[in-house]
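The next block holds one structure in the form of structure tokens; read it before the comments.
The values are calculated or read from the model by the stated rules, or taken from the named source; none is laboratory data. Computed from a predicted model, the values in this text were never measured in an experiment. Cβ coordinates were reconstructed from backbone atoms using ideal geometry, including for glycine residues, and neighbour counts include every protein chain displayed.
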Amino acid sequence: MKVKIRTPSRIHISLIDLNGALGRVDGGVGLALEEPFIEIIAEEADESEGVIVEGSKNERYRDVAKKVSSIFNSGGLKLRVLHEYEPHIGLGSGTQISLAVAKAYAEIYRIDKSVEELAYIVGRGGTSGIGVAAFRVGGFVVDGGHSRNEKKDFLPSSASKATPPPLISRLEFPDWKIFLAVPSKKGFYGHKEVNLFQENCPIPLEEVRELAHLILMKLLPSVVEEDVQTFGDALWRIQHLGFKKVEVDQYGEKIWNVMGEAREVFPAVGMSSTGPTVYCISDSGRKKDLESIFKEAEMNFVVFETVARNRGADIERI
């Protein structure tokens, strides 16, 4: 038997609470995307063959396959990567690769584990649950963070061993155009990302409160009411609050300038995760408008158009 899996990618709009005064930390809000995506075909391999990966030089496929193979001890795995996208650009490839490989292994060897259980096994969802929710159900999602009894430190998912957080809201996202400006350079990850959390947390409580208020009373209702202008107003304010502002500030005044110029053309503008991918959402915008902004700023970004994905990963036995 072979298993074919196609994942979404995701925009990570913001973490919510990096203060923890109410006894919980993290929380996240984000959106699953149709493109870019990860697509793999997996099949059983002899135990003597171990893990075989074709079609990619990214070691994450092999590392995850080896990990699940050692934990479940059910046999080897052969992976063929049909489509992938760059890591460390703010679109969540690490979680999507990890879950695709783990889910493929579970399907092939008939291991009864939920997506959340697999995510914990492969070390994803320890801070934000947006990538895990995007893989499982897609759409516009909000997670409820972690109890401080479980997670005491402010850490990114890559350095956290917490379980994936609960999904507390999932909405169908409107059929708005989504433009991604994807950089040639990588964002912050590894030790730099850990340092970013440790040097800037806890976030002041008043900023966390304003952010939570914006998400609950402006961002979420605007998705339900399909009001892109109100959605954009909330999103722009979010860029200037709490840890999201810290994430954008890493890249200096230039990224703020291009985002400000994009805001004059597109109703909704933001930076995904720790960046540096910038996204613009519109009911009528044009790709070339965003391309012109980055070209004039002499910033090497490739722009492409996508839409929201209101379903999770496609999993097919072939």
Quiz prompt | Residue satisfying condition, being in contact (Cβ under 8 Å) with a residue 60 or more places away in the chain, closer than 30 Å to residue 233 by Cβ, surrounded by fewer than 24 Cβ atoms within 10 Å (Cβ to Cβ) and of a type outside the set (Ser, Thr, Tyr), within set 30, 20 | solution = 20
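Within region 122-140, does at least one residue satisfy the condition of being on the phi < 0 side of the Ramachandran plot and free of Cβ contacts under 8 Å to residues at least 24 places away in the same chain? Before you say what the answer is, go through the steps one by one.
Just the residues of region 122-140 that are on the phi < 0 side of the Ramachandran plot, to begin with: 122, 124, 126-137, 140.
Now narrow it down to the ones that are free of Cβ contacts under 8 Å to residues at least 24 places away in the same chain: none.
No, region 122-140 contains no residue that is on the phi < 0 side of the Ramachandran plot and free of Cβ contacts under 8 Å to residues at least 24 places away in the same chain.
Can you confirm whether region 158-166 contains a residue that is among the β-branched types (Val, Ile, Thr), in contact with a helix residue (DSSP H, G or I) (Cβ under 6 Å, 6 or more places away or on another chain) and not in a strand (DSSP E or B)? Step through it out loud before you land on a result.
Our first condition is that a residue be among the β-branched types (Val, Ile, Thr); within region 158-166, this holds for 163.
Those still in the list that are in contact with a helix residue (DSSP H, G or I) (Cβ under 6 Å, 6 or more places away or on another chain) too: 163.
From what's left, not in a strand (DSSP E or B): 163.
Within region 158-166 (the criterion being among the β-branched types (Val, Ile, Thr), in contact with a helix residue (DSSP H, G or I) (Cβ under 6 Å, 6 or more places away or on another chain) and not in a strand (DSSP E or B)), the answer is yes, since at least one residue qualifies.
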Exercise. Would you mind stating whether residue 273 is assigned to a loop (DSSP other than H, G, I, E, B) and surrounded by fewer than 16 Cβ atoms within 10 Å (Cβ to Cβ)?
Key: no
Quiz prompt | Members of region 213-244 found to be over 17 Å from residue 280 (Cα atoms) and either surrounded by 16 or more Cβ atoms within 10 Å (Cβ to Cβ) or polar (S, T, N, Q) (or both), listed by number | solution = 214, 215, 218, 220, 241, 242, 243
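On the basis of being assigned by TED's automatic domain parsing to the domain that holds residue 269, within 25 Å of residue 96 (Cα to Cα), of a type in the set (Val, Ile, Thr) and not in a loop (DSSP other than H, G, I, E, B), does residue 132 make the cut?
Working: assigned by TED's automatic domain parsing to the domain that holds residue 269: no; within 25 Å of residue 96 (Cα to Cα): yes; of a type in the set (Val, Ile, Thr): yes; not in a loop (DSSP other than H, G, I, E, B): yes.
No: the conditions fail for residue 132.
Looking at the structure I just gave you, is residue 35 within 18 Å of the chain's Cα centre (by Cα), within 22 Å of residue 107 (Cβ to Cβ) and acidic (Asp, Glu)? First the steps, then the outcome.
Details: within 18 Å of the chain's Cα centre (by Cα): yes; within 22 Å of residue 107 (Cβ to Cβ): no; acidic (Asp, Glu): yes.
No; evaluated as a whole, the condition is false for this residue.
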Quiz item: Of all the residues that make up region 167-218, how many are in a loop (DSSP other than H, G, I, E, B), touching a Phe, Trp or Tyr at 6+ places or on another chain (Cβ under 6 Å) and at pLDDT 95 or above?
Solution: 2
Quiz item: Would it be correct to say that residue 198 is in the same structural domain as residue 276 (by TED's automatic domain parsing) and touching a strand residue (DSSP E or B) at 6+ places or on another chain (Cβ under 6 Å)?
Solution: no
Quiz item: Can you spot a residue in region 251-268 that is more than 21 Å from residue 18 (Cβ to Cβ), in contact with a Gly (Cβ under 7 Å, 6 or more places away or on another chain), outside any loop (DSSP other than H, G, I, E, B) and outside the structural domain of residue 155 (by TED's automatic domain parsing)?
Solution: yes
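Is at least one residue of region 41-53 within 18 Å of residue 86 (Cα to Cα) and either surrounded by fewer than 17 Cβ atoms within 10 Å (Cβ to Cβ) or touching a helix residue (DSSP H, G or I) at 6+ places or on another chain (Cβ under 8 Å) (or both)? Explain how you work it out, then say what you get.
Filtering region 41-53 down to residues within 18 Å of residue 86 (Cα to Cα) leaves 53.
After this cut, where a residue has to be either surrounded by fewer than 17 Cβ atoms within 10 Å (Cβ to Cβ) or touching a helix residue (DSSP H, G or I) at 6+ places or on another chain (Cβ under 8 Å) (or both) as well, the list is 53.
Yes, some residue in region 41-53 is within 18 Å of residue 86 (Cα to Cα) and either surrounded by fewer than 17 Cβ atoms within 10 Å (Cβ to Cβ) or touching a helix residue (DSSP H, G or I) at 6+ places or on another chain (Cβ under 8 Å) (or both).
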